[in-house]
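Readers should treat all values here as calculations from the given coordinates under stated rules, not as data from a laboratory. Just so you know, these numbers come straight off a predicted model, no measurement behind them. With ideal geometry, Cβ positions are generated from the backbone for all residues, glycine too; neighbour counts draw on all protein chains shown.
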Amino acid sequence: MKKTVTGLAAAHLVTDIYMPVLPVILPLLVTNNGYSYLAAGLLVTAYNVTSSFTQPALGWLSDAKGFTVPITVSLLISAIFVSLMGVAHDYTMIMIFAIVAALGHACFHPAALSRVSRLCTSDNRGLLTSYFVVGGNLGYAIGPALAGVLVWRLGLPGLLLIVIPAIFMVFALRYLLPGGIKGGCEPHTKPELPHGVTHSKWPFIILMVASILRAWAIFAAITFLPMYLVGLGYSLVEVNVIVTLMLLSGVAGQVFGGRISDRYGRKEFMVFGLAASIPAFCLFFFTTGLLSIIGILLFGFALWSTFAVTIAMSHELLPENVGLASGIMLGLAIGFGGLGVAVNGLIADHYSLAAALGTIPVPIAAAVLLMVLLPYPWKCLQRSLSKNEGGNAGFPKE
């Protein structure tokens with residue numbers, strides 16, 4: 001099992017290397033090909049919209065029809081078409097390459113997460129899911145650096161070499177995955193569930209909305225924090241180091257959150273993790289110097305620690321639609337959350353950058369409230385009731 005999860009997490013790492021490459025090469029596309037900023041921005045929009053909003057449909061096909069694109073195929077599609085953007089000069093071709101690469105990226109998550117889900121029990125679902133998600137986070141961090149080095153040394157054609165990690169991973173997966181690279185997720189694969197989870201669409205919808213609100217806060221922080229720190233007098237190098245440390249704190253937080261949610265309960269940890277991020281953000285926002293830096297690191301740790309937990313919960317709430325749940329949580333929720341950043345932009349335009357950043361706790365607080373109201377069992381309460389009633393009491397469905 002460990003070998004399989006390691007293989008899927010490594011594949012996720014390589015897949016997500018290609019996701020942030022397009023923004024990195026945009027300045028060269030504008031300079032070399034004479035594209036307007038609008039045209040350049042539309043390339044990124046097309047990629048993000050395709051990747052985010054096709055994942056639920058692909059997940060549904062996996063659940064209902066047993067149709068999945070093999071993860072090695074989706075990985076190669078994403079890698080090849082991202083690399084081809086370095087040698088294309090026609091805008092229409094680059095747009096097509098971006099959309100096809102995004103489809104490859106979108107195909108990967110439901111299929112891979114379905115395989116992870118089939119390996120999980122209610123006692124390790126959070127931890128194993130966090131390993132998979134962290135792989136993607138690391139890939140997302142590596143992608144810009146790798147693409148930047150290639151185009152800096154070799155120009156845009158050097159982007160062709162970025163396909164090498166994908167080719168290597170295709171061969172590695174032959175040995176890391178049982179049965180090799182073939183096989184997706186059988187339709188209606190039902191994972192083992194914790195006692196008392198209600199199988200209903202409404203709890204899942206509540207969880208999805210909470211995830212959208214959290215994604216809004218995450219994207220707002222990533223978007224406006226660098227500009228805010230520069231305004232405070234930090235150099236660009238210092239800003240990049242701080243943001244990177246915040247993201248790395250989030251990676252550590254995800255593994256921590258997955259493990260703790262397995263032991264003490266997912267709902268308990270979601271409420272705790274989201275709520276803890278608010279005072280951590282306030283420590284950053286209302287202090288200076290070292291205390292402020294500690295605050296932003298704690299904020300990243302706490303907020304990101306809930307990410308894998310929500311995916312694990314989504315699989316438990318929709319046990320017969322794990323692919324759909326994965327597509328929504330990793331695609332739709334993140335896509336809609338990113339749209340919320342426009343609200344912070346309006347606040348920054350009409351008031352100040354500090355005001356835009358200062359509103360970040362608002363969607364987090366709303367997410368905390370939704371998690372408290374979510375019809376999902378409190379594991380600690382369930383244990384208490386079981387002890388009081390002889391250790392064999394059932395937990396009533398909500």
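In this Cβ point-charge picture (+1 for Lys and Arg, -1 for Asp and Glu), the chain has a dipole of about 820 debye about its Cα centre.
Computed over the chain with a Gaussian network model linking Cα atoms closer than 10 Å, the most mobile of V230, V368, V134 is V230. Dipole check for the stretch 1-160: with +1 at the C-beta of Lys and Arg, -1 at the C-beta of Asp and Glu, and the Cα centre as origin, the magnitude is about 400 Debye. The stretch 241-273 to the stretch 86-107: how many Å between their Cα centroids? Going from one Cα centre to the other spans 34 Å. Projecting the Cα atoms of P377, W304, L84 onto the dipole axis of the chain, where Lys and Arg carry +1 and Asp and Glu carry -1 at the beta carbon, places P377 farthest toward the positive end. The count of lysine pairs in the chain that are at least 8 places apart or cross chains, and whose C-alpha atoms lie under 27 Å apart, stands at 23. From least to most packed, judged by other beta carbons within 10 angstrom and beginning with the fewest, F336, F67, F307 follow the order F67, F336, F307. In the elastic network of the chain, a GNM with C-alpha springs shorter than 10 Å, the most mobile of G233, G158, G250 is G233.
Under the membrane-span-like helix rule (DSSP H runs whose alpha carbons stretch at least 24 Å along the helix axis, mean Kyte-Doolittle hydropathy 1.0 or higher), the chain yields 91-119, 125-154, 201-231, 266-286. Apply the a/c threshold of 1.5 to the C-alpha gyration tensor of the stretch 2-176 and tell me whether it is rounded, prolate or oblate. The shape class here is prolate.
Percent relative contact order of the chain, based on C-alpha pairs within less than 8 angstrom and at least six residues apart? Let's see the in-between values first.
On the way: 702 pairs, mean separation 100.8, N = 398.
Computed over the chain, the figure is 25 percent.
In the stretch 201-388, Cα pairs under 8 Å separated by at least six residues give a relative contact order of 39 percent.
When shorter helices are ignored and each DSSP H run of at least 4 residues is given -39500 (n - 2.57), the per-residue value for the chain at 222 nm works out to -25500 deg cm²/dmol. Working from Cα pairs under 8 Å separated by at least six residues, relative contact order for the stretch 2-176 is 41 percent.
Specify whether the C-alpha gyration tensor of the chain places it in the rounded, prolate or oblate class, a ≥ b ≥ c being the square roots of the eigenvalues: rounded for a/c under 1.5, otherwise prolate if a/b is larger than b/c and oblate if not. Because a/c hits 1.5 or more and a/b fails to exceed b/c, the chain counts as oblate.
Dipole magnitude for the stretch 201-388: about 600 debye, using +1 per Lys or Arg Cβ and -1 per Asp or Glu Cβ, origin at the Cα centre.
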